[in-house]
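The values are calculated or read from the model by the stated rules, or taken from the named source; none is laboratory data. Note that this is a predicted model, so its numbers are computed, not measured. Cβ coordinates were reconstructed from backbone atoms using ideal geometry, including for glycine residues, and neighbour counts include every protein chain displayed. What goes into the accessible areas is simple: the full protein's heavy atoms, side chains included, and nothing from ligands, DNA or RNA. Shrake-Rupley method; radii C 1.70, N 1.55, O 1.52, S 1.80 Å.
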Amino acid sequence: MSEEKALRQELADWAKSMFNRGYSSGGAGNISAKLSDGSIIVTPTNSSFGDLDPAKLSKLDEEGRWIDGDKPTKEVSMHMAMYRQRPDCRAVVHLHSPWLTALSCLPGLDSTNCLPPITPYYVMRVGKLPLVQYLPPGDDRIGEEIERLASNHNAVLLSNHGPVVGGKTLRQAFFNAEELEDTARLYITLRPHGFTTLTQEQVNELESRYPQK
């Protein structure tokens, strides 16, 4: 099986898993992954994670121009911003997952880091989660904001919208997204009761062992 055919199938399989587990419903969200030649496979506009056809996924050149397949998602600029700023990034996942979307609607969030270090796995996989103030879906300014943040973060949260998460592989990008969603669930569940976090010393030790870049 060719590299491209295998990646197309892997992307569709991961998307269906996310759809089945409620991480994205209807036509929400989009996914991209980069081939070794720099070209990019991305989900088409108005497609559903639940029934993607690998053969119809959009294909872009390394500059983000549409070259084959169905018309790509209108949010391509978010993906390209992450790729430009993180050379090791090979996949980007944008979800409307319920706990992170709920988090993105809360007032008073720290725009430099929306989630406290509740678990070591959040620190290891994501580190910090900055917030992008609300902009309409598909607005190129979202890509500009992600580009401003992505060199130091492999995930961002879009206000009243959802997360954008990168990874060195499709598998890693989805694992990062899952860890982020679980952390948001824990945080929102624990807020009424109070919680302890890792100390700054413990966070520093994890960041030293597992650098994000």
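Test Ser32 against the criterion of being under 16 Å from Val156 (Cβ atoms), in contact with a strand residue (DSSP E or B) (Cβ under 6 Å, 6 or more places away or on another chain) and assigned to a loop (DSSP other than H, G, I, E, B), and give yes or no. Here the answer is no, as Ser32 does not meet what is asked. Within the stretch 39-56, the set of residues being hydrophobic (A, V, I, L, M, F, W, C) and either more than 17 Å from the chain's Cα centre (by Cα) or open to solvent by 50 Å² or more (accessible area, probe 1.4 Å) (or both) comprises Leu52, Ala55. Restricted to helices (runs of 4 or more DSSP H) entirely inside the stretch 110-213, those with at least 3 residues that are open to solvent by less than 30 Å² (accessible area, probe 1.4 Å), closer than 22 Å to His94 by Cβ and touching a helix residue (DSSP H, G or I) at 6+ places or on another chain (Cβ under 9 Å) are 140-150, 170-190. Taking each residue of the stretch 1-28 that is over 23 Å from Pro163 (Cβ atoms) and in a loop (DSSP other than H, G, I, E, B) and looking for partners that are open to solvent by 30 Å² or more (accessible area, probe 1.4 Å) and of a type outside the set (Asp, Glu) with beta-carbon atoms closer than 9 Å, six or more apart or interchain, yields Met1/Gln9.
Each residue in the stretch 23-44 was checked for being in contact with a helix residue (DSSP H, G or I) (Cβ under 7 Å, 6 or more places away or on another chain) and over 12 Å from Leu57 (Cβ atoms), and 4 of them qualify. When we screen Thr73, Thr101 for residues that are more than 30 Å from Glu3 (Cβ to Cβ), under 15 Å from the mean Cα position of the chain (by Cα) and at pLDDT 95 or above, the only hit is Thr101. Among the conditions (1) under 18 Å from Leu170 (Cβ atoms); (2) among the polar types (S, T, N, Q); (3) free of Cβ contacts under 8 Å to residues at least 40 places away in the same chain, the only one that Asn113 does not satisfy is (1).
Pairs are defined by a Cβ separation below 8 Å, a sequence spacing of at least 6 or placement on different chains, a first member in the stretch 45-59 that is of a type in the set (Asp, Glu), and a second member that is open to solvent by 30 Å² or more (accessible area, probe 1.4 Å); the pairs so defined are Asp51/Lys16. Among the candidates Ala150, Ala155, Ala184, which residue alone is in contact (Cβ under 8 Å) with a residue 12 or more places away in the chain and in contact with a Ser or Thr (Cβ under 9 Å, 6 or more places away or on another chain)? Only one candidate qualifies: Ala184.
One residue stands out among those in the stretch 61-99 that are assigned to a loop (DSSP other than H, G, I, E, B), touching a Pro at 6+ places or on another chain (Cβ under 8 Å) and open to solvent by 20 Å² or more (accessible area, probe 1.4 Å): the one that is nearest to Pro130 (Cα to Cα), which is Lys74.
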